[in-house]
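The values are calculated or read from the model by the stated rules, or taken from the named source; none is laboratory data. Note that the structure is predicted; figures quoted are calculated from it, not measured. Here the Cβ positions follow ideal geometry from the backbone for every residue, glycine too, while neighbour counts run over all protein chains shown. Please note that ligands, DNA and RNA were not included when accessible areas were found on the heavy atoms of the full protein model with its side chains. Shrake-Rupley method; radii C 1.70, N 1.55, O 1.52, S 1.80 Å.
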Amino acid sequence: MEKRIDGKAIAAEVVAEAKAHSEKLVADHRITPGIAVVIVGEDPASEVYVASKGRMAKECGFHSVQHTLPDDISEEDLLKLIASLNDDPAIHGILVQLPLPGQIDEGRVIQAIDPDKDVDGFHYVNVGKLTTGELGSAFVPCTPAGSMILLNRTLGGDLSGLNAVVVGRSNIVGKPIASLLLAANCTVTIAHSRTADLAALCRSADILIAAVGRPEMITGDWIKPGATVIDVGINRIPAPERGEGKNRLVGDVNYNEAVEVADHITPVPGGVGPMTIALLMANTVSAAYRSAGLDAPEF
Ligand code: NDP
């Protein structure tokens, strides 16, 4: 049995679906999905992310614009740009690359985005819809939504009754994943840095989600035999074997140990990572459909 969940391949499927839905919207309604990505300052990692989002959006046939703003931009000017994007009918999705420089209140900027264009799913309206189960009209954050697609396409779509343990309670990963698992009828436990006997709790999980940010913290003996493991963590660790000063990426789970026990597991890289950007495309298409009063496609 292939145990490795191929996030790259599933992400490519989702992107192809987003592209097909986009083409249909253009053909049937003459609406081209539009996305605006806003980046402030010159953080190299953020620039790489933003460039690949722009590339992927073009590949999907979207109208894609990027606003690169100076590091010392005022909050007021950034809010003016958000307001103009909110008013622009050609733009259906707005993404502000985080983190923002210290003079800007991130929360205020996120809450200024029109919830109907909030393809990152961070606006309180979308958080509220997710937690109350209004999934038909919510925007769900991309990493959690992508993790659920990996689970559904691996386990066949019915997760009812499974014990799910989510390690990590951040607003962008842990909490929204827990809400999605609950909506999918799992019995959900959210663990964090104060959780007692985390190893035993993880061993009770049919579905184990690791969203911690600690390299290979979850070892093979924490995994229930036959479990499905989604490793959201992305950690850069020194890799002297690759040469002086070189790094490599690892997840929050020790893959080589866990793969011996689990039935299904995502690798890092090549697991959840590619799904995040694919879901940004899916959310943008959904935003464009909803802007025309149509039901959003399902992914
Ligand atoms: P945060 O730092 O915001 O949250 C980490 C969570 O892990 C916190 O809830 C924290 O608990 C918990 N935690 C920390 N140490 C322990 C411990 N020893 N035992 C149990 N729980 C612990 O991280 P994010 O949620 O933003 O990201 C998590 C990981 O996912 C990171 O590696 C990040 O790089 C990656 N990531 C990957 C993405 C992708 O596209 N694949 C996208 C986003 C993130 P407490 O609340 O008590 O402090």
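Would you work out the relative contact order for the chain, in percent, from Cα pairs under 8 angstrom that are 6 or more residues apart?
So the answer I get is 21 percent.
Can you give the accessible area of Tyr49 in Å² (nearest 10), computed on protein heavy atoms with a 1.4 Å probe?
About 120 Å², ignoring ligands and nucleic acids.
Expressed as a whole percentage, what fraction of the accessible surface of the chain belongs to carbon and sulfur atoms when a 1.4 Å probe is rolled over the protein heavy atoms?
Carbon with sulfur: 51 percent of the solvent-accessible area.
Through the Karplus equation 6.51 cos²θ - 1.76 cosθ + 1.60, θ set to phi - 60°, convert the phi angles of the range 26-33 into ³J(HN,Hα) values in whole Hz; use x for Gly and Pro.
Working through the residues one at a time gives 5, 5, 7, 10, 6, 10, 9, x Hz.
Is there a quick way to get the dipole size of the chain? I mean about its Cα centre, with the Cβ of Lys and Arg at +1 and of Asp and Glu at -1; what is the value in debye to the nearest 20?
480 debye
With 36 Å as the cut-off, how large is the P(r) tail for the chain, expressed as percent of Cα-Cα pairs?
17 percent
Got the relative contact order for the range 125-185 handy, in percent, Cα pairs under 8 Å and 6 or more residues apart?
Reported as a whole number, the value is 39 percent.
A 21 angstrom limit on the alpha carbon distance is what I want to check against. Which of Lys24/Lys58; Lys8/Lys246; Lys8/Lys58 exceed it?
Over 21 Å apart, Cα to Cα: Lys8/Lys246.
Given springs between every Cα pair under 10 Å in a Gaussian network model of the chain, which of Asn247, Asn185, Asn152 has the largest fluctuation?
Evaluated over the chain, the most mobile residue of the options is Asn247.
With a probe of 1.4 Å, find how much accessible area the chain has per residue, and write the answer as a whole number in Å².
Each residue of the chain exposes 47 Å² on average to a 1.4 Å probe.
Angle between the Cα long axis of helix 75-87 and the longest principal axis of the chain, 0 to 90 degrees, nearest 10?
The angle comes out at about 80 degrees.
Taking the 0 to 90 degree range and rounding to the nearest ten, how far is the long axis of helix 174-183 tilted relative to the main principal axis of the chain, both from C-alpha atoms?
80 degrees
Placing +1 on the Cβ of each Lys and Arg and -1 on the Cβ of each Asp and Glu in the range 115-199, which of Gly168, Ser193, Gly128 has its Cα farthest towards the positive end of the resulting dipole?
After comparing all options, I get Ser193.
Using only alpha carbon pairs under 8 Å that are at least six residues apart, calculate the relative contact order of the range 142-274 and give it in whole percent.
Here the relative contact order equals 22 percent.
5 Å is the cut-off here: which amide hydrogens, built 1.01 Å from N in the peptide plane, fall below it relative to Leu69, excluding neighbours closer than 5 in sequence?
Here Ile39, Val40, Gly41 satisfy the definition.
Residue by residue through the range 186-192, what is 3J(HN,Hα) from phi via Karplus (6.51 cos²θ - 1.76 cosθ + 1.60, θ = phi - 60°)? Round to whole Hz and write x for glycine and proline.
Using θ = phi - 60°, the values come out as 7, 9, 10, 10, 9, 10, 7 Hz.
Mind grabbing the accessible area of Ile82 for me, 1.4 Å probe, Å², rounded to tens?
0 Å²
Would you tally the net charge around Ser179, using a Cβ to Cβ cut-off of less than 13 Å, leaving Ser179 out, and scoring K and R as +1, D and E as -1?
Here the count lands on +2.
Which percent, to the nearest 5, of DSSP beta bridges fully inside the chain are antiparallel?
Antiparallel bridges make up about 10 percent of those DSSP assigns within the chain.
Less than 17 Å apart at the alpha-carbon level, and either on another chain or at least 8 residues along: which lysines does that give for Lys175?
Lys129
Which distance in Å, rounded to a whole number, links the C-alpha centroids of the range 264-299 and the range 9-23?
Distance between centres, Cα-based: 8 Å.
Select from Ala16, Gly41, His92 the residue farthest towards the positive end of the dipole of the range 1-153; place +1 on Cβ of Lys and Arg, -1 on Cβ of Asp and Glu, and compute about the Cα centre.
Most positive-ward Cα: Ala16.
Return the lysines within reach of Lys224: Cα separation strictly under 21 angstrom, same-chain partners fewer than 8 residues apart disregarded; answer none if there are no such residues.
Lys3
Can you put Arg203, Arg108 in order of accessible area, largest first, using a 1.4 Å probe?
Putting Arg203, Arg108 in descending order of accessible area: Arg108, Arg203.
Tilt of helix 142-155 relative to the longest C-alpha principal axis of the chain, in degrees (0 to 90, nearest 10)?
Its long axis makes an angle of about 50 degrees.
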